[in-house]
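Asker: Before we start, here is the structure in question, set down as structure tokens.
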Amino acid sequence: MRDWLGTAMVDAPVLHERMRVLAALDIILSEEAWLRVHRYHFNIFQPDMAWGSVDNGAGDHLHVLFANTGTLIKGFDHESPLSPHNREDGEIYPGMYDEVPESFMKVLREHEDALNREHITFCLWQEERAPGWKAGSWMELAMAEEEEVYASGGFEFLLGYIESTPEGYIDWAEGYYDIQEMSLTAVTEIYNNTPVTADLIRRLNPKRDVLAAMNELQQCGCTVERRETD
């Protein structure tokens with residue numbers, strides 16, 4: 001596999017936590033769910049499975065399934081030469097789902113509408129007993145046929161939405177949500193899993209419906225602290 005796979009990837013538990021944190025921040029910053037880029041759900045599709053996703057609103061998306069047996073990452077960069085829409089036959093690029101564990105393929109088939117199984121330009125997975133990241137034969141085929149910059153199928157581009165630091169998230173969110181001077185302290189508290197209070201929500205978004213945000217945050221797996229005066 002190419003060097004980018006080893007350098008760009010993080011351990012599955014780290015990725016899991018980042019996607020949950022980013023979804024929580026998007027919930028606080030936007031009352032409109034359809035405007036959010038980062039989403040997270042747990043106990044979905046099957047017991048003890050979590051689903052993190054990125055949708056940039058421009059036709060590109062990333063889905064990550066976190067299960068007790070491992071983690072699956074699949075994504076779709078609509079400009080990638082590996083996209084079915086950019087191929088003459090209109091088919092999924094060869095080898096995209098080669099050797100993907102059947103437990104994940106079953107979920108992808110059963111939840112096609114949510115997970116966009118046929119819209120794909122890269123797929124990686126990690127099994128609990130074999131923690132290294134794996135990919136089907138699509139990666140070697142792409143490197144042989146395309147320029148190296150296209151061989152990842154947009155993986156690095158979409159992974160760039162998973163900001164690793166509060167500063168990185170602020171740089172992105174201020175532009176996307178048209179916010180000025182976000183509180184670094186408040187964003188850092190979310191990154192550090194500080195229980196979310198009404199005050200913390202208001203510091204990030206004074207106009208947010210606090211109770212509605214808290215309800216959504218709880219569904220996202222966040223710890224919230226409610227008070228009778230909230």
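Asker: Could you say which residue among G57, G52 is closer than 22 Å to E118 by Cβ and part of a loop (DSSP other than H, G, I, E, B)?
Answerer: Residue meeting the stated conditions: G57.
Asker: So, in segment 6-40, of the ones that are closer than 24 Å to P131 by Cβ and not in a helix (DSSP H, G or I), which residue ends up modelled with the lowest pLDDT?
Answerer: So, considering only residues that are closer than 24 Å to P131 by Cβ and not in a helix (DSSP H, G or I), the one modelled with the lowest pLDDT is M9.
Asker: With respect to the numbered conditions (1) surrounded by 21 or more Cβ atoms within 10 Å (Cβ to Cβ); (2) out of contact with any His (no Cβ under 7 Å at 6 or more places or on another chain), which one is the sole condition not fulfilled by P47?
Answerer: With (1) surrounded by 21 or more Cβ atoms within 10 Å (Cβ to Cβ); (2) out of contact with any His (no Cβ under 7 Å at 6 or more places or on another chain) applied to P47, the lone miss is (1).
Asker: Something else about it: Could you give me the residue pairs with C-beta distances under 9 Å whose first residue belongs to segment 75-95 and is under 25 Å from I162 (Cβ atoms) and surrounded by fewer than 14 Cβ atoms within 10 Å (Cβ to Cβ), whose second residue is basic (K, R) and at pLDDT below 95 wherever it lies, and which are 6+ apart or on separate chains?
Answerer: Partner pairs satisfying both residue conditions: none exist.
Asker: Could you look through segment 120-138, keep only residues that are out of contact with any strand residue (DSSP E or B) (no Cβ under 6 Å at 6 or more places or on another chain) and outside any loop (DSSP other than H, G, I, E, B), and pick out the one that is modelled with the highest pLDDT?
Answerer: My answer is W138.
Asker: Quick check on segment 98-114: of everything there that is acidic (D, E) and assigned to a helix (DSSP H, G or I), which residue is nearest to M139 (Cα to Cα)?
Answerer: Across segment 98-114, the extreme among qualifying residues is E102.
Asker: Let me ask you something else. Can you list residue pairs whose Cβ atoms sit under 8 Å apart, with the first residue in segment 97-113 being farther than 19 Å from L82 by Cα and the second being polar (S, T, N, Q) and surrounded by 12 or more Cβ atoms within 10 Å (Cβ to Cβ)? Count only pairs 6 or more apart in sequence or on different chains.
Answerer: These pairs meet every condition: P101/T69; S103/T69; V107/Q46.
Asker: Answer yes or no as to whether E99 is modelled with pLDDT under 95, touching a Lys or Arg at 6+ places or on another chain (Cβ under 9 Å), among the charged types (D, E, K, R) and over 18 Å from E156 (Cα atoms).
Answerer: yes
Asker: Among the numbered criteria (1) under 19 Å from the mean Cα position of the chain (by Cα); (2) buried (at least 18 other Cβ atoms within 10 Å of the Cβ); (3) more than 21 Å from G160 (Cβ to Cβ); (4) β-branched (V, I, T), which one does T121 miss?
Answerer: (3)
Asker: Shifting gears a bit: So which residues in segment 25-44 are over 21 Å from V10 (Cα atoms) and surrounded by fewer than 17 Cβ atoms within 10 Å (Cβ to Cβ), if there are any at all?
Answerer: The answer is E31, E32, A33, W34, L35, N43, I44.
Asker: Right, something else. Within segment 185-208, can one find any residue that is touching a Cys at 6+ places or on another chain (Cβ under 9 Å) and among the hydrophobic types (A, V, I, L, M, F, W, C)?
Answerer: Yes.
Asker: Determine, yes or no, whether R117 is basic (K, R) and either part of a loop (DSSP other than H, G, I, E, B) or in contact with a Ser or Thr (Cβ under 7 Å, 6 or more places away or on another chain) (or both).
Answerer: The answer is yes for R117.
The values are calculated or read from the model by the stated rules, or taken from the named source; none is laboratory data. These numbers come from a predicted model, not from an experiment. Quick reminder, even Gly has a Cβ in these numbers, built from the backbone with ideal geometry, and neighbours come from all protein chains shown.
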